[in-house]
1. Do we have any residue at all in the stretch 3-16 that's within 15 Å of F65 (Cα to Cα), touching a residue at least 60 places away in the same chain (Cβ under 8 Å) and of a type outside the set (D, E)?
2. So which residues in the stretch 40-68 are assigned to a helix (DSSP H, G or I), surrounded by 11 or more Cβ atoms within 10 Å (Cβ to Cβ) and out of contact with any helix residue (DSSP H, G or I) (no Cβ under 9 Å at 6 or more places or on another chain), if there are any at all?
3. When the stretch 17-29 is examined, which residues are found to be in contact (Cβ under 8 Å) with a residue 12 or more places away in the chain and surrounded by fewer than 10 Cβ atoms within 10 Å (Cβ to Cβ)?
4. Mind counting the residues in the stretch 11-52 that are modelled with pLDDT under 90 and small (G, A, S)?
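The values are calculated or read from the model by the stated rules, or taken from the named source; none is laboratory data. This is a predicted model, so every value here is computed, not measured. Neighbour counts are summed over all protein chains in view; Cβ atoms, including those assigned to glycine, are modelled from backbone coordinates with ideal geometry.
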Amino acid sequence: MSIFDDVIVGYGPEQIEDIEVHERPDGSSVIETVTCRPVRVWEKRRDGSLVELHDEAADAALDAFWAAVDNDEINDDDMENDR
C-alpha cells in the first residue's frame with residue numbers, strides 16, 4: 001500500500017484573509033481581496049471511515065504525499081497508474 005491508499009488530500013473552502021480598498025486619484029476605488037484555500041488531510045481507517053489530521057500528523061502525511069508525487073508514484077509518462 002502507498003500513501004495514496006492511506007490518506008486523502010484536499011482543499012478546504014476559500015477563505016478571505018484580507019480586504020483593502022485602494023482609492024484612485026480620479027475618486028474611484030478598487031477593492032483588493034486576498035484569499036486562500038487551506039489544505040486538508042484525512043486518514044483512511046480500516047473500517048472505511050475518515051479522520052481529519054491536524055498539526056504534526058497532517059504535516060507528516062503531506063510530506064509523505066508530496067515525496068511520493070516527486071517520485072512519480074502516481075502516473076508514469078503514459079499516464080498509467082504505477083501501482
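1. yes
2. Scanning the stretch 40-68 gives A57, A58, D59, A60, L62, D63, W66.
3. Kept after step one, since they are in contact (Cβ under 8 Å) with a residue 12 or more places away in the chain, are these residues of the stretch 17-29: 17-20.
Across the stretch 17-29, the qualifying residues are E17, D18, E20.
4. Counting residues in the stretch 11-52 that are modelled with pLDDT under 90 and small (G, A, S) gives 2.
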